[in-house]
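The values are calculated or read from the model by the stated rules, or taken from the named source; none is laboratory data. The model shown is predicted, which means the values in this text are computed figures rather than measured ones. For neighbour counting, all protein chains shown are included, and Cβ atoms are generated from backbone atoms with ideal geometry for every residue, glycine included.
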Amino acid sequence: MMILTKFLKFRINTIQVNEKPFQICLFARKVSKLIDGKKIAQDIQKEIRDDIDQWVSQGHRPPCLIAVLVGEDPASKKYVENKMIAAQNVGIVSRTINLPSTISEQEIISQIYKLNKDPSVDGILVQLPVPEHVSERNVCNSVDPRKDVDGFHILNMGKLAINMDTFVPATALGVIELIKRSNIKTFGKNIVVCGRSKNVGLPIALLLHSDARNDCPGLEATVTLCHRHTPSEELEFFAKRADIIISATGVVNLIKPDMVKPGACIIDVGITRITTESGKTKLVGDVDFDGVSHVAGYITPVPGGVGPMTVAMLMHNTFKAAKALANDVIV
Ligand code: GUN
């Protein structure tokens, strides 16, 4: 974590001047901290690299991850590229299967079935979104649950819902890991999650409210899940009481400084590409970063916050799949 901002908070002190009380105004620096997702993700990748080196030195083959990319969406291509680079860095063998956007759902599923049967493949991910004529749910359910490193198969989603050990969707796992590694307490805390997507908001909420009596590490928070039909005054009501706000909506500037409790932790999962007044494009999150960083205790940047964590946790899931398959156990 780095020191991000220093803002001034005044305090009145009384001193003695010529034996008379004299009031002076002191300015104290208040500090909010940047949660450096890029650095934390690098640390995690280093740990995974060491573990994989040890795994391979014990005589196992390196883990293998296959990405299926349907169509030409530039953002999806970039995400898959980043995943492949990370895989190489940690010692995971990886390959991308590029399929045309006109391909039928059945043909995509046939490709996935081949990968399911291939004993040299440990992890399979289908980059989302898929073209409109293809059912995302059918595609996700066609991946062998033991190779489902995205955690999007209904079986793995169901296990997550009842706190069983499973493949947790990488972004959700990344958010939890950021919170843990930044020593932010969740036990009994109020947490607002904005966005209820099945792959991000919902699994984050499931993990945060989980209890510690089952397979998954319980985070024991009181969770409020807000979404597009939460009235803005209600969102503000819940957000102002939250010790942690996690926003995953893609709505730019959804979280403003006057909605944030001083000292709260803000995790921004949103990524939107905007064009600035000067005509340049840049990535921004859901949070008014400049304003909120003067109120929050902790904040993640965009880019460089949750994004790199998603990639690191995908590597974690791929190694987990490889170990489970090699030992013939079900995650
Ligand atoms: N598209 C956006 N995020 C993700 C992700 O985490 N996994 C996959 N497969 N596709 C995505």
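For first residues located in region 121-137 and on the phi < 0 side of the Ramachandran plot, partners that are among the aromatic types (Phe, Trp, Tyr) and within 13 Å of the ligand (Cβ to nearest atom) and lie 6+ apart or on another chain with Cβ distances below 7 Å form the pairs Gln127/Tyr79. If you take the residues in region 113-167 that are closer than 22 Å to Ser210 by Cα, charged (D, E, K, R) and part of a loop (DSSP other than H, G, I, E, B), which one is nearest to the ligand (Cβ to nearest atom)? By that ranking, first place goes to Asp150. Residues in region 168-182 that are part of a loop (DSSP other than H, G, I, E, B) and free of Cβ contacts under 8 Å to residues at least 40 places away in the same chain: Pro169 alone. How about region 231-248: which of its residues are touching a residue at least 12 places away in the same chain (Cβ under 8 Å) and surrounded by fewer than 23 Cβ atoms within 10 Å (Cβ to Cβ)? Answer for region 231-248, where residues must be touching a residue at least 12 places away in the same chain (Cβ under 8 Å) and surrounded by fewer than 23 Cβ atoms within 10 Å (Cβ to Cβ): Leu235, Glu236, Phe238, Lys240, Arg241, Asp243. Being among the small types (Gly, Ala, Ser) and in contact (Cβ under 8 Å) with a residue 40 or more places away in the chain is the filter here, so list the residues in region 183-218 that pass it. Gly195, Ser197, Gly201, Ser210, Gly218, listed by residue number.
Restricting Thr310, Thr281, Thr275, Thr300 to residues that are within 16 Å of the ligand (Cβ to nearest atom) and either of a type in the set (S, T, N, Q) or over 20 Å from the mean Cα position of the chain (by Cα) (or both) narrows the list to Thr310. Mind listing just one residue for me: the one in region 178-209 that is surrounded by fewer than 21 Cβ atoms within 10 Å (Cβ to Cβ) and over 16 Å from Thr224 (Cα atoms) and, of those, nearest to the ligand (Cβ to nearest atom)? So, considering only residues that are surrounded by fewer than 21 Cβ atoms within 10 Å (Cβ to Cβ) and over 16 Å from Thr224 (Cα atoms), the one nearest to the ligand (Cβ to nearest atom) is Asn199. Only a single item in (1) in contact with a Lys or Arg (Cβ under 7 Å, 6 or more places away or on another chain); (2) within 19 Å of Pro169 (Cα to Cα); (3) surrounded by 14 or more Cβ atoms within 10 Å (Cβ to Cβ) is not met by Asp288, and it is number (2). If you go through region 265-315 and keep only what is outside any loop (DSSP other than H, G, I, E, B), under 20 Å from Cys226 (Cα atoms) and among the aliphatic types (A, V, I, L, M), you end up with Ile266, Ile267, Val287, Val292, Ile299, Val306.
The strands (runs of 3 or more DSSP E) found entirely in region 16-110 that carry 1 or more residues being farther than 30 Å from Ala264 by Cα, more than 16 Å from the ligand (Cβ to nearest atom) and modelled with pLDDT of 95 or more are 64-70, 93-99.
When you look at Asp328, is it assigned to a helix (DSSP H, G or I), away from the ligand (no atom under 16 Å from the Cβ), without any contact (Cβ under 8 Å) to a residue 12 or more places away in the chain and not basic (Lys, Arg), yes or no? Considered against the rule, which asks whether it is assigned to a helix (DSSP H, G or I), away from the ligand (no atom under 16 Å from the Cβ), without any contact (Cβ under 8 Å) to a residue 12 or more places away in the chain and not basic (Lys, Arg), Asp328 comes out as no.
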